[in-house]
Amino acid sequence: MDVAVKTVVKAKSEKTLPVIKKVGVIGAGQMGSGIAHVVALSGYDVVLNDIKADAIAKSIDLIEKNMGRQAQKGTIKEADIKPAIKRIKAATSQDALSDCDLVIEAATEDESVKRKIFQELCPRLKKSALVATNTSSISITRLAAATDRPEHFIGMHFMNPVPRMELVELIRGIATEDDMFQVARRFVDSLGKITAVSEDFPAFIVNRILLPMINEAVYTLYEGVGTVEAIDKAMRLGAHHPMGPLELADFIGLDTCLAVMQVLYEGLSDSKYRPCPLLVKYVEAGWLGRKTNRGFYDYRGEKPVPTR
């Protein structure tokens, strides 16, 4: 074997791959809380980062309550809850993420926000750290370009609610190294999740299929084909969906639904992905679904009431 080739092979074989023991999660919202929940239960130390200390406190409280519900259902052991909660540390500064082996960004679905986070985060991390984004639609290659480590960057899209949903989409950018992809895959396996590998196209697999269906349900409402109640009933009973598409949109967040549709529309330049004007109107009104107590349903009373 040529000496130069031997040197390359030796260098590759001696490369130190990150051993994931400590995981950072950026964003203490619905997705970040869910990710921190499953990672801590799987035995990893977790640093939960958010700029708002009260958001982190609420998140950890919610995680403990959700673990309690799991214990009542028998899906986890009661004895596992306190050790898991103790493994979650709160941090309002990204400096606390400096010794993490993996950092998962789970901030709002806004590319400019995510790019800013990565630009501020990467200089604080050790060189071997793997960085992942939980984006549900944005280009992994483009986000990786905002970092100092595109080879150590990957899409790790958890489904909502994270503790209950089995799937994680793994999406590699154009520069993601094979070794780093395998490290990420083994980590997802260790959480008891199942991996689906997607190419780096707008919205990946799940949302490429799911969000246009939701958008079409909104168009069906917009055009007067059916009421909110009728549309959801039709899909629950006619297609055996566990949740109607408009109820699901409220659960996801109408702002997130709109953001994904805009990524599809702009990224694929196809009119079939045009966001429904009614969806835009609800978001402009601040009616974002369950998180604001109003969306296609009004959640302020004892029972959800359709708003149209």
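The values are calculated or read from the model by the stated rules, or taken from the named source; none is laboratory data. Please read these numbers as outputs of a predicted model, since none were measured by experiment. All Cβ positions, even for glycine, are placed from backbone atoms using ideal geometry, and neighbour counts span all protein chains on display.
Being assigned to a loop (DSSP other than H, G, I, E, B) and modelled with pLDDT of 95 or more is a condition met by at least one residue of segment 182-191. Considering the conditions (1) of a type outside the set (Phe, Trp, Tyr); (2) in a helix (DSSP H, G or I); (3) closer than 30 Å to residue 41 by Cα, residue 243 is excluded by exactly one of them, (2).
Of the listed requirements (1) in the same structural domain as residue 137 (by TED's automatic domain parsing); (2) closer than 29 Å to residue 147 by Cβ, residue 164 misses just one: (2). Taking the numbered list (1) in contact with a helix residue (DSSP H, G or I) (Cβ under 7 Å, 6 or more places away or on another chain); (2) in a helix (DSSP H, G or I); (3) in contact (Cβ under 8 Å) with a residue 60 or more places away in the chain in turn, residue 267 passes all entries but (1). If you go through segment 8-51 and keep only what is small (Gly, Ala, Ser), modelled with pLDDT of 95 or more, out of contact with any Asp or Glu (no Cβ under 7 Å at 6 or more places or on another chain) and farther than 25 Å from residue 78 by Cβ, you end up with just 24. Remark: pairs (first residue in segment 35-64, in the same structural domain as residue 189 (by TED's automatic domain parsing) and at negative phi; second residue buried (at least 24 other Cβ atoms within 10 Å of the Cβ) and among the hydroxyl-bearing types (Ser, Thr, Tyr); Cβ separation under 6 Å; 6+ apart in sequence or on different chains) = 59/33; 62/33; 63/33. Say whether the condition of being hydrophobic (A, V, I, L, M, F, W, C) and surrounded by 22 or more Cβ atoms within 10 Å (Cβ to Cβ) is met by at least one residue in segment 69-80. No, every residue in segment 69-80 fails to be hydrophobic (A, V, I, L, M, F, W, C) and surrounded by 22 or more Cβ atoms within 10 Å (Cβ to Cβ).
Selection within segment 150-163: residues that are out of contact with any strand residue (DSSP E or B) (no Cβ under 6 Å at 6 or more places or on another chain) and modelled with pLDDT of 95 or more. The member of this set that is surrounded by the fewest Cβ atoms within 10 Å (Cβ to Cβ) is 151.
For the residues 63, 85, the requirement of being of a type in the set (A, V, I, L, M, F, W, C), surrounded by fewer than 22 Cβ atoms within 10 Å (Cβ to Cβ), farther than 21 Å from residue 121 by Cβ and touching a helix residue (DSSP H, G or I) at 6+ places or on another chain (Cβ under 7 Å) singles out 85.
Take the conditions touching a Phe, Trp or Tyr at 6+ places or on another chain (Cβ under 6 Å) and within 26 Å of residue 204 (Cα to Cα) and apply them to residue 258. Does it pass? No.
Of the residues screened, residue 249 is not one that is within 17 Å of the chain's Cα centre (by Cα) and part of a loop (DSSP other than H, G, I, E, B). Count of segment 198-229 residues, restricted to those that are surrounded by 14 or more Cβ atoms within 10 Å (Cβ to Cβ), among the small types (Gly, Ala, Ser) and within 20 Å of residue 306 (Cα to Cα), is 2. Is at least one residue of segment 193-206 in a helix (DSSP H, G or I), at pLDDT 95 or above and either within 26 Å of residue 296 (Cα to Cα) or in the same structural domain as residue 276 (by TED's automatic domain parsing) (or both)? Within segment 193-206, one or more residues are in a helix (DSSP H, G or I), at pLDDT 95 or above and either within 26 Å of residue 296 (Cα to Cα) or in the same structural domain as residue 276 (by TED's automatic domain parsing) (or both). Candidates are the residues of segment 92-147 that are buried (at least 16 other Cβ atoms within 10 Å of the Cβ) and of a type in the set (Asp, Glu); the one that is modelled with the lowest pLDDT is 109.
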